[in-house]
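Right, one structure below, let's go through it.
Laboratory data are not the source of any read-out in this text; all were calculated from the coordinates shown. Please read these numbers as outputs of a predicted model, since none were measured by experiment. Heads up, the Cβs are rebuilt from the backbone with ideal geometry, glycines too, and the neighbour counts pull from every protein chain shown.
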Amino acid sequence: MLVFHYPKCSTCVKARKWLRDRNIDFVEKIMKLNITNVGKIGSATFEFNGITVIAGNNNTGKSTVGKSLFALFHRFLNINKAIKSYRYNALIKRVRNLDIKYGPSDSWMYSREELVQRYNLKKISELIENNLEISDLPDLISSSIVVENADKDEFYEELLSGLNDVKSIGDKRLKEEIITQFFNNIFASQINNVQNKSSNAILELEVKSKPLRVEFKDDKCILVNDDIALTNKAIYIDDPYAIDINFRYGHYGHNIGREQINNILSRLLHSSNSEDLVDKIIATDKYEDIENIIDSVIIGRLIENEKGEFTLQNDEFPDGISVSNISTGVKSFLIIKKLITDNIINEKDVIIFDEPEIHLHPEWQIRYAELIVLIQKYFNLTILLTTHSPFFLRAIEVFSKKYGTEDNCTYYMAKIKNENSIFEKIYDTSDVYAKMADAFSVLDKINDDIEERNNCEDM
């Protein structure tokens, strides 16, 4: 096979297809996601090199792809830090129980920080993480601890036993449990393929030729191979109500996965990084074109009040109006504005848009599509977009051509075959429009029948 190395944007999609048809391939620095036996998906591979669009009808597995990509990035970002945090919390819990048992009567009143200082828990935690012996535990603990002399030996024995329990749980075991817990929250405890429960579910992410692999059996993680350290966050944008302070209460019913995803988005929206002035200036410089699009829909700035509620302030609402009283379409644009102006989106982050057109009328769909194309271009993002709208798909295609990023767009068509989701990579989007326009054919057929019946009645 003849192989060409080329820089980004060196050729168009049609040229690539022409060369592939002739057994000429490219070496590309693209990210790949392989999904095996997850949800409704039997086997599928996806490429990410800018904007990846998955089009298809409802219930064809599109969201499963988005959840898989999000869960991998979110959970493996700083996972080693998470492991230390879980161990540290377990350590504090055991020490607090012993302090209440052996310490003064008012021990239960001590704050977490007071407990940490009294027992030198940061140092003890370091010993645990570095796999060092902790037999000299008494020397590490502050002499200010009030424990009766008669009880000290028993106190230290129980404490040492508890710490050894924490220490005995290896990184591998804890990592698997952390992944199991998070993925079950995202997938509502249905990770393994519903049509093939006996086979393991596998997710493989390849970034810069380095692999990350997780495997599940009976919805429990049984294998982790993470030779790559993910350094960029993932943002999943599914529901504009995530910007409301009380969006979670009764909004999702029993949909645990959506609640988990949108809780994460909500926390991001409330975690401003505006103090990072250099990055904020860089983001502002990139923001002008984006701001013009958002301002064509709604002008103003978001302010967080003392209750933690976002309000929109502009000439029409000088005192601010709660975002809870703003339409879902406007919320969609305000979320993007908040993520950019507060420096929450950073270079090379991953954003998943799950059917964003749902809350937008056609005119705003066009503007939102342009917005997506621009933020990908300016921030060099990896974007996964799912849609069931040929109108929105067309808008993405047109604006990617307008801004010279069409070479960074990859298209897939989702459909159901033998009760499993399958995904076909599309090189000619006209095929997608034809398949997604079947609903119009149904309407045309109904309309023709009506006209034929009316003509018969008139005769």
If we sort 208-217, 183-192 on the protection proxy, mean other Cβ atoms within 10 Å, highest first, what's the order? 183-192, 208-217
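What number in nm² do you get for segment 304-386 if you take the convex hull of its Cα atoms and divide its surface by four? Display every interim value, and only then the final one.
On the way: hull surface 25.2 nm².
Directional mean of the projected Cα hull area for segment 304-386 stands at 6.3 nm².
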Among the lysines, which have Cα under 29 Å from the Cα of residue 101 when same-chain residues fewer than 8 positions away are ignored? 84, 93, 122, 123, 152, 167
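Could you work out the local net charge near residue 299, counting Lys and Arg as +1, Asp and Glu as -1, over the other residues with Cβ closer than 10 Å to its Cβ?
Working: positive: 301; negative: 291, 295, 315, 316.
With Lys, Arg at +1 and Asp, Glu at -1, the neighbours total -3.
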Computed over segment 45-120, the Cα gyration tensor eigenvalues, each multiplied by 5 and square-rooted, give semi-axes in Å (largest first) of 48, 13, 9
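Among the listed pairs 67/331; 220/417; 62/435; 377/401, which are separated by more than 20 Å between their Cα atoms? Each step should come with its number before you reach the end.
Values: 67/331 22 Å; 220/417 27 Å; 62/435 16 Å; 377/401 12 Å.
Pairs exceeding 20 Å: 67/331; 220/417.
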